[in-house]
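Asks: Please find one structure pasted underneath; my questions will follow.
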Amino acid sequence: MGLWEDFRFAARLLLKDKWFSFVAVVALALGIGVNATVFTFVNAVLIRGLPIADPDRTMAIGSYDRVRNRPMGVSYLDYRDWKESTKTFDAFGAYSGALANLSDEGQPPERYNGAYITGNTFGVLGARPVAGRGFVPDDDQPGAPAVALIANKVWVNRYGSSPSAIGKTVRLNDVPTTIIGVLPEGFQFPFNTEVWMPLHQMNGLLEQKRNARPLQTFGHLAPGVTREQAQSELINISKRLESENPDTNKDIQARVQTFNEAQNGGPIRVVFLSLMGAVAFVLLIACANVANLLLSRATNRAREISVRVSLGATRWRVVRQLLMESVLLSVIAGIAGLGIAMIGIRLFDRATADVGRPYWIQFTMDGTVFAFFAVVCLGTGIVFGLAPAIHSAKTDVNEVLKEGGRSGTAGTRARRWTGALMVGELVLTVVLLAGA
């Protein structure tokens, strides 16, 4: 019941001081809004990751040049040796990007993003066709009949979702090819792919030299195997291949990462985390501003608080009331900030829709974003309300009531709080400017 009374009193007070409430809400809404916006980007790129089955145990495996300190692709011969020698993976596959020129009777030719993949790829990633079938081991053999799977949007846009598209013979890169299946909507592994072909349909694959590295490989860790164990095993295999093939494999070793680390690590991670830090500073500056406003108002309310204490209100009850006011203010600002965030996300989504954004990056608010948003709103209310609440709780009741106004001690303490907040605000602003 006490909390409800605190809430009603806080709501009446904020309605009474409309202009104060408006200024505080605007400042906080901007800080909360930009934080929610940027965290949505961070969540989409760094946290959510690729929509694949068992992402923590499905590893992206590439070659790494130790001397030049740069990642590389994998040769077909290295991939074959890794696959035959590894004991730490229960599934091992490869893929390579390619262009897919598709033409068939009654349809204009079109060019799509294609990929050559091993027959076990969809099984490892947990993707099942929504129509037709996926690849089987016999499809990915030298000399096997040419087959292909298409993306859902190709099926819809080119064939009108007609079941007759399954089993249709088309010309794919001038090779008669049978469409055998359609992948689920939104699935475009490895990178906005629209047509998939078995790896052994890749021209000249078996004739490639060991220093030609057009492939990317992946593997699923066997039960009980850690990534470190798999990394150690593949490094030992790489050393053996280096000794056997010094001309092509000198200083080349395998590197094991999760797909999220491989696709969204390095500079991308630094950029998004730096941006997250910048908007956190913006929110802290907004909190300092509002804390100063609340501190000024709390100082002017010294007599009111003293009267309440003299009538029996405990110090905790006073602090609770003031924190209720600040939390209510932050909730109102959070609602406004949510609107700002939704606008910002929509604008950024439109701006990046046509620039080759990877298919797995979808700027949408999910449970993780809303949980972050709730914590920010609650934490913000406590952060900027704590200093005014503590200041008010230490008010000398006798001195204030005797003098009929604000005590000199309270005024001095308020100035100290204000000075500290202003210094902190200035420091944050300088750091933010330098970072920008």
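The values are calculated or read from the model by the stated rules, or taken from the named source; none is laboratory data. Here the structure is a predicted model, which means the values were calculated and not measured. Glycine gets a Cβ as well: all are built from the backbone with ideal geometry, and neighbour counts include every protein chain shown. Only protein heavy atoms, including side chains, enter the accessible area calculation; ligands, DNA and RNA are left aside. Shrake-Rupley method; radii C 1.70, N 1.55, O 1.52, S 1.80 Å.
Asks: Output the residues belonging to region 212-232 that are in contact with a strand residue (DSSP E or B) (Cβ under 9 Å, 6 or more places away or on another chain) and either of a type in the set (D, E, K, R) or within 30 Å of Pro145 (Cα to Cα) (or both).
Replies: Across region 212-232, the qualifying residues are Arg213, Pro214, Leu215, Gln216, Thr217, Phe218, Gly219, His220, Arg227, Glu228.
This table checks each residue for (1) closer than 30 Å to Ala341 by Cβ; (2) crowded, with 20+ Cβ neighbours inside 10 Å.
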| residue | (1), (2) |
| --- | --- |
| Pro198 | no, yes |
| Ala212 | no, no |
| Ile235 | no, no |
| Gln257 | no, no |
| Gly277 | yes, no |
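Asks: Can you tell me which residues in region 20-62 are surrounded by fewer than 18 Cβ atoms within 10 Å (Cβ to Cβ), among the charged types (D, E, K, R) and over 30 Å from Asn249 (Cα atoms)?
Replies: Asp54 - this is the single residue of region 20-62 that is surrounded by fewer than 18 Cβ atoms within 10 Å (Cβ to Cβ), among the charged types (D, E, K, R) and over 30 Å from Asn249 (Cα atoms).
Asks: Mind checking which pairs have a first residue in region 336-354 that is more than 13 Å from Thr364 (Cβ to Cβ) and hydrophobic (A, V, I, L, M, F, W, C) and a second that is in a helix (DSSP H, G or I) and open to solvent by 40 Å² or more (accessible area, probe 1.4 Å), Cβ under 8 Å, 6 or more apart or different chains?
Replies: Short answer, once both residue conditions are applied: Ala336/Val26; Ile340/Leu30; Ile340/Val34.
Asks: Could we say that Pro129 is of a type outside the set (D, E, K, R), more than 20 Å from Ser75 (Cα to Cα) and outside any strand (DSSP E or B) here? Step through it out loud before you land on a result.
Replies: Working: of a type outside the set (D, E, K, R): yes; more than 20 Å from Ser75 (Cα to Cα): yes; outside any strand (DSSP E or B): yes.
Yes.
Asks: Looking at region 365-381, I want the residues that are open to solvent by less than 60 Å² (accessible area, probe 1.4 Å) and have a partner that is among the polar types (S, T, N, Q) and part of a helix (DSSP H, G or I) with Cβ atoms under 7 Å, at least 6 apart or on another chain. Which pairs are those?
Replies: Met365/Thr40; Val369/Thr40; Val369/Asn43; Val376/Asn35; Cys377/Ser330; Thr380/Ser330; Gly381/Ser326; Gly381/Ser330
Asks: If you don't mind, there's one more thing I want to ask. Taking Asn300 as the residue in question, decide whether it is modelled with pLDDT under 90, surrounded by fewer than 16 Cβ atoms within 10 Å (Cβ to Cβ) and out of contact with any helix residue (DSSP H, G or I) (no Cβ under 7 Å at 6 or more places or on another chain).
Replies: Values: modelled with pLDDT under 90: yes; surrounded by fewer than 16 Cβ atoms within 10 Å (Cβ to Cβ): yes; out of contact with any helix residue (DSSP H, G or I) (no Cβ under 7 Å at 6 or more places or on another chain): yes.
Criteria met by Asn300.
Asks: Cβ contacts < 7 Å: first residue under 12 Å from Met72 (Cβ atoms) and of a type outside the set (D, E, K, R), restricted to region 203-214; second residue assigned to a loop (DSSP other than H, G, I, E, B) and modelled with pLDDT of 90 or more, any location; separation 6+ or different chain. Result?
Replies: Here the result reads Asn211/Ser75; Ala212/Ser75; Pro214/Gly73, each pair linking region 203-214 to a residue that is assigned to a loop (DSSP other than H, G, I, E, B) and modelled with pLDDT of 90 or more.
Asks: Could I ask something else about it? Does Gln253 meet the test of being closer than 26 Å to Pro190 by Cα and not in a helix (DSSP H, G or I)? Spell out how you get there, then give the answer.
Replies: On the way: closer than 26 Å to Pro190 by Cα: yes; not in a helix (DSSP H, G or I): yes.
Spelling it out, Gln253 is indeed closer than 26 Å to Pro190 by Cα and not in a helix (DSSP H, G or I).
Asks: I would also like to ask the following. Just to be sure before I move on: is Met72 among the hydrophobic types (A, V, I, L, M, F, W, C), within 26 Å of the chain's Cα centre (by Cα) and surrounded by 20 or more Cβ atoms within 10 Å (Cβ to Cβ) in the structure I sent?
Replies: On the way: among the hydrophobic types (A, V, I, L, M, F, W, C): yes; within 26 Å of the chain's Cα centre (by Cα): yes; surrounded by 20 or more Cβ atoms within 10 Å (Cβ to Cβ): no.
When the stated conditions are applied, Met72 does not pass them.
Asks: So in region 180-194, with the set limited to residues that are of a type in the set (S, T, N, Q) and out of contact with any Pro (no Cβ under 8 Å at 6 or more places or on another chain), which one is least open to solvent (accessible area, probe 1.4 Å)? Spell out how you get there, then give the answer.
Replies: Let us first name the residues in region 180-194 that are of a type in the set (S, T, N, Q), namely 188, 192-193.
Right, trim to out of contact with any Pro (no Cβ under 8 Å at 6 or more places or on another chain) and you get 188, 193.
Numbers: Gln188: 30, Thr193: 2 Å².
Result: Thr193.
Asks: Within region 258-278, which residues are in a helix (DSSP H, G or I) and in contact with a Ser or Thr (Cβ under 8 Å, 6 or more places away or on another chain)?
Replies: First, pick out the residues of region 258-278 that are in a helix (DSSP H, G or I): 259-264, 267-278.
Phe259 - this is the single residue of region 258-278 that is in a helix (DSSP H, G or I) and in contact with a Ser or Thr (Cβ under 8 Å, 6 or more places away or on another chain).
Asks: For the list (1) open to solvent by 20 Å² or more (accessible area, probe 1.4 Å); (2) outside any helix (DSSP H, G or I), I need the number of the one condition that Trp4 fails.
Replies: Tallying (1) open to solvent by 20 Å² or more (accessible area, probe 1.4 Å); (2) outside any helix (DSSP H, G or I), Trp4 fails exactly one: (2).
To keep it simple, each residue is scored yes or no on (1) closer than 18 Å to Lys87 by Cβ; (2) crowded, with 18+ Cβ neighbours inside 10 Å.
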residue	(1), (2)
Gly219	yes, yes
Pro223	yes, no
Lys239	yes, no
Ala254	yes, yes
Asn260	no, yes
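Asks: Can you find even one residue in region 121-128 that is of a type in the set (S, T, N, Q) and either surrounded by 14 or more Cβ atoms within 10 Å (Cβ to Cβ) or out of contact with any Lys or Arg (no Cβ under 8 Å at 6 or more places or on another chain) (or both)? Explain how you work it out, then say what you get.
Replies: Here is the first cut: in region 121-128, the residues of a type in the set (S, T, N, Q) are 121.
Narrowing the set further to residues that are either surrounded by 14 or more Cβ atoms within 10 Å (Cβ to Cβ) or out of contact with any Lys or Arg (no Cβ under 8 Å at 6 or more places or on another chain) (or both) leaves 121.
Yes, region 121-128 has at least one match.
Asks: Gln362 versus (1) open to solvent by 60 Å² or more (accessible area, probe 1.4 Å); (2) more than 22 Å from Asn289 (Cβ to Cβ); (3) in contact (Cβ under 8 Å) with a residue 24 or more places away in the chain; (4) part of a helix (DSSP H, G or I): which is the lone unmet condition?
Replies: (4)
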